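Heads up: the structure comes next, in structure tokens.
Read-outs throughout are calculated quantities, based only on the coordinates presented, and are distinct from any laboratory measurement. In this text, all values refer to a predicted model and were calculated from it rather than measured experimentally. FYI the Cβ positions are ideal-geometry reconstructions off the backbone, even for glycines, and counts take in every protein chain you see.
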Amino acid sequence: MDLRGTHTIILNEGEPEAKRAEILEYFHATFTLDEKLYETLKEDATFCLRADRLRHPLIFYFGHTATFFVNKLVIAGVLPKRINPRFESLFAVGVDEMSWDDLDATHYDWPTRAEVKKYRDQVRELMDGLIRSLPLTLPIAWEDPFWAILMGIEHERIHLETSSVLIRQLPIDQVRRLDFWEICRDWAEPPENVLLPVPGAKVLLGKEAGNPLYGWDNEYGRNEAEVRGFAASKYLVSNREFLGFVEDGGYREPEWWTEEGWNWKSFKEAEHPLFWVPRANGWGLRTMLEVIDLPWNWPVEVNYLEAKAFCNWLAAKSGKPIRLPTEDEWNRLRELAAVPNQPEWERAPGNINLEGWCSSCPVDRFAFGEFYDLIGNVWQWSETPIYPFHGFSVHPWYDDFSTPTFDGRHNLMMGGSWISTGNEATREARYAFRRHFFQHAGFRYLESAHPVELHEDPYETDQLTAQYCDAHYGAEHFGVPNFAKSCADVCLELSQGRGRSAALDLGCAVGRASFELARGFDSVTGLDFSSRFFRLAAGMQHEGYLRYALTEEGELLSYHELALAELGLEEVRDKVRFFQADACNLPEKFTGYDLVLAANLIDRLYAPRLFLEGISGRLNPGGLLVIASPYSWGEQFTKKEEWLGGYREAGENVFALEGLTQCLSPHFRRLGEPRELPFVIRETRRKFQHSVAQLTVWELR
């Protein structure tokens, strides 16, 4: 099996059985390549080291890429049951690194390398069987089960790269060299970098539905920009060129840094690029598996904050308006050089797709017209925080791929690196990382006096999440009390005279009930499966306010800002923490609660009975479970055989209260009679949903 030079799959050509064989080979090559990366770790204990204190240890990522297949196929309705629920919870969430100023000291009980490898073998066997047996028709569209399989494959290829960066940060005595991962051995002095003119032109970005290649949701839609002329550096910035910034005291002078950059530099106590190694006889460079003499003609590898500081320094020294390119400008440069797309390659035109070396190489090795390294070698930082194109739509099976990055804090990186494969190496790929993130990433600069257009929208405009923002924090409609607050009020009423140490708000959405519960509980945990909701709840907790745009009529919007202080909740926000989690497969750490609230959750779960069977283990003795739901069962959320009610059995009507009682009675007793709680969701200025939830309270025996 050739592990190098593979191409992402063309989804609309060929015969189905030939395409099935192609996907099967692509899956196994990907799975094997990922495991070959981890063969570089010296011993089992190495898997549990944290290469970066803001990231999980490598054992997490070793398990994560396998559990991703299972978790997404469960969501897609392809798999009826899990392989290992504990692993598929433990390894599910926590990939995007914690913020450098928000460390998470949570303890994890990690399994051994052998246990995870055994699990990976089970997943490989499962996926092999599914690829061989699932019905396959062409073209493969994003609602097709094979799209979920390709999602898992392309996801694993992303982590092939991100894990290699973490391995590069491990102590050198914890890794071992393997021939497969051989680096470039060519280094010397670089050529002088110069600025070359680039004429302006219109740039169109975005995929249309039906594109023949797999894509992440942020690639779809349309953006049109009129790019004005600029001059761009012929080469990527080399180690030698960056040395001038280091030797001129660039890491000691706050004037070159943004406020965010200087705070990060001070926190990390950075004095030079991360992968440079100070030695008595000169600088070394840490590659993934060894330390070599610093190759002056290789591209420097830094984060965005360092690249930005260099540009500010160079602008002052040269008297020219030097900065990083925008996404549109970088794509103009690529279009000018007519760089082919990956499926058109006979051989990669640059140091990319693992077709060159397993490291960077000289900046003057791969020419694209007058410029060098327009793709490959290292990723190239841009000035553009990622944003959704017009027409963007969240993929329902992976709603936290893109939306968490639309926060103005994740900047796009362009062009790929030596280890970028699959979708990462395609023309339309859009990948963004936190600005302090380390990747195999460098930069080129340009000269332009034109202002940078930032596509930041401070208002939440996703229709569903904006509606929930309004339902949780907005004004009452038609005199119906706020539903989230009403649920919390019932919980506070019932918990009087009981333990109030900790409460759990399951399916917390954008968080109002969690904050309300904090009026009476010492601590509150809010969990939601949807990243779209979770990030807004966490944003409210962190910033104290939310902004959102509501549809008035057609394309007309109204803009709203609401603050916790206005609701009398400012003083309790530090008692609340939000996390993303699957209620049907909760991580073990979420336990020890005096009260659990599950509002408008039960009829949106894929396995409500499984949830109810396990919830007793999350409560303290005598704890309360509060469930509120309109029981709006639908097969788009829950398979009919999983419904708790809403069907006929032996000719008799079965309602959800009966199903709840049957599931909960072994461990709970119901307190009092069900209550009716109405709620209203505003869709437009003249359209509202009016529902009535039934609220029941259950005491753990």
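Under a 5 Å amide H to amide H cut-off, with H placed in plane at 1.01 Å, what residues pair with PHE578 once short-range neighbours are removed? It is GLY526, by chain and number. Placing a label point 7 Å from the Cα of ARG53 along the Cα-to-Cβ direction, none of the residues of the stretch 231-252 has a backbone N under 13 Å of that point. Taking 0.36 nm per residue of separation and subtracting the current Cα-Cα distance, fully stretching the chain between HIS542 and GLU344 would add 66.7 nm.
Per the Debye calculation on the stretch 274-383 with a single equal scatterer at every Cα and no solvent contribution, log₁₀ I(q)/I(0) for q = 0.12, 0.16, 0.22 Å⁻¹ amounts to -0.52, -0.91, -1.35. For the residue pairs LYS202/LYS308; LYS42/LYS268; LYS589/LYS639; LYS117/LYS589; LYS81/LYS640; LYS485/LYS575, the alpha carbons lie more than 19 Å apart in LYS202/LYS308; LYS42/LYS268; LYS589/LYS639; LYS117/LYS589. Relative to the compact-globule estimate of 2.2 N^0.38 Å, the Cα radius of gyration of the stretch 381-456 comes out at 1.18. A dipole drawn for the chain from +1 and -1 charges on Cβ atoms has a positive end, and of SER420, GLY206, PRO171 the residue lying farthest that way is PRO171. The C-alpha atoms of the chain define a longest principal axis, and helix 259-268 lies at about 90 degrees to it. Applying the Karplus relation 6.51 cos²θ - 1.76 cosθ + 1.60 with θ = phi - 60° to the stretch 537-545 yields 3J(HN,Hα) values of 4, 5, x, 5, 5, 7, 9, x, 8 Hz, where x marks Gly and Pro. Overall dimensions of the stretch 469-541, expressed as equivalent-ellipsoid semi-axes from the Cα gyration tensor (√(5λ), whole Å, largest first), are 20, 17, 8. For the chain, adding -39500 (n - 2.57) for each run of n ≥ 4 DSSP H residues and dividing by the number of residues yields -9000 deg cm²/dmol at 222 nm.
Ordering HIS477, HIS395 by the number of other Cβ atoms within 10 Å of each residue's own Cβ, fewest first, gives HIS477, HIS395.
Amide H to amide H distances under 5 Å link LEU557 with GLU552, where only residues 5 or more positions off or on other chains count and H is placed in the peptide plane. List the residues, sorted by chain then number, that are 5 or more residues from GLY442 or on another chain and whose placed amide H is less than 5 Å from its amide H. For GLY442, whose amide H was placed from the backbone, the distant partners under 5 Å are VAL302, TRP379, GLN380, TRP381. Scanning the chain for cysteines with no neighbouring cysteine C-beta under 4.7 angstrom from their C-beta gives CYS48, CYS311, CYS358, CYS469, CYS487, CYS491, CYS508, CYS584, CYS663. Charged side chains reduced to their Cβ positions (Lys and Arg at +1, Asp and Glu at -1) give the chain a dipole of some 1100 debye around its Cα centre. Its residue count N sets the reference 2.2 N^0.38 Å, and the alpha-carbon radius of gyration of the stretch 436-576 equals 1.31 times that reference. The stretch 463-700 has equivalent-ellipsoid semi-axes of 28, 23, 16 Å, by the square roots of 5 times the alpha carbon gyration tensor eigenvalues, sorted largest first.
For the stretch 16-180, compute the orientation-averaged projected area of the C-alpha convex hull (one quarter of its surface), in nm².
Average projection, Cα convex hull of the stretch 16-180: 10.5 nm².
Between LEU492, ILE322, THR287, the Cα set farthest toward the positive side of the dipole of the chain (charges on each charged residue's Cβ, about the Cα centre) is that of LEU492.
A cut-off under 10 angstrom between Cβ atoms defines the neighbours of ALA348, and their net charge, with Lys, Arg +1 and Asp, Glu -1, is 0. Here the chain carries DSSP beta bridges of which approximately 70% are antiparallel, counting only pairs with both residues inside. A Förster radius of 56 Å combined with the Cβ-Cβ distance from GLU253 to SER133 puts the calculated FRET efficiency at roughly 0.35. Helix 463-473 axis versus longest C-alpha principal axis of the chain: approximately 50°, rounded to the nearest ten. Placing unit charges on each Cβ (+1 for Lys and Arg, -1 for Asp and Glu) gives the stretch 567-701 a dipole about its Cα centre, and among PRO674, PHE579, THR684 the Cα reaching farthest toward its positive end belongs to THR684.
Net charge dipole, the stretch 487-529: roughly 100 debye, given to the nearest 20, about the Cα centre with Cβ charges of +1 for Lys and Arg and -1 for Asp and Glu. Rounded to the nearest 10 degrees, the inclination of helix 145-168 to the longest alpha-carbon principal axis of the chain is 60 degrees. Neighbours of ASP217, meaning other residues whose beta-carbon lies under 13 angstrom from its beta-carbon, give a summed charge of -4 when Lys and Arg score +1 and Asp and Glu score -1. Taking every alpha-carbon pair under 8 Å whose residues sit at least 6 apart, the stretch 463-700 reaches a relative contact order of 20 percent. What the phi angles of the stretch 25-39 give under the Karplus curve with 6.51, -1.76 and 1.60, with θ = phi - 60°, is a coupling list of 5, 5, 4, 5, 4, 5, 5, 5, 4, 4, 5, 5, 4, 6, 5 Hz, glycine and proline written as x. In this structure, GLU676 and GLU571 have a Cβ-Cβ separation that, at R0 = 56 Å, corresponds to a calculated FRET efficiency of about 0.95. Backbone phi angles across the stretch 576-585, fed through the Karplus curve with coefficients 6.51, -1.76 and 1.60 (θ = phi - 60°), yield HN-Hα couplings of 10, 10, 10, 9, 8, 6, 9, 4, 7, 8 Hz in residue order; Gly and Pro are listed as x.
Just to confirm a number: summing +1 for Lys and Arg and -1 for Asp and Glu over residues other than LEU492 whose beta-carbon lies under 9 angstrom from that of LEU492, what do you get? Combined, the nearby Lys, Arg, Asp and Glu give -1. Of all beta bridges that DSSP places with both ends in the stretch 463-700, some 60 percent have antiparallel geometry. Distance between the modelled labels on LYS81 and VAL194, one decimal in nanometres: 7.0 nm (7 Å Cα→Cβ projection).
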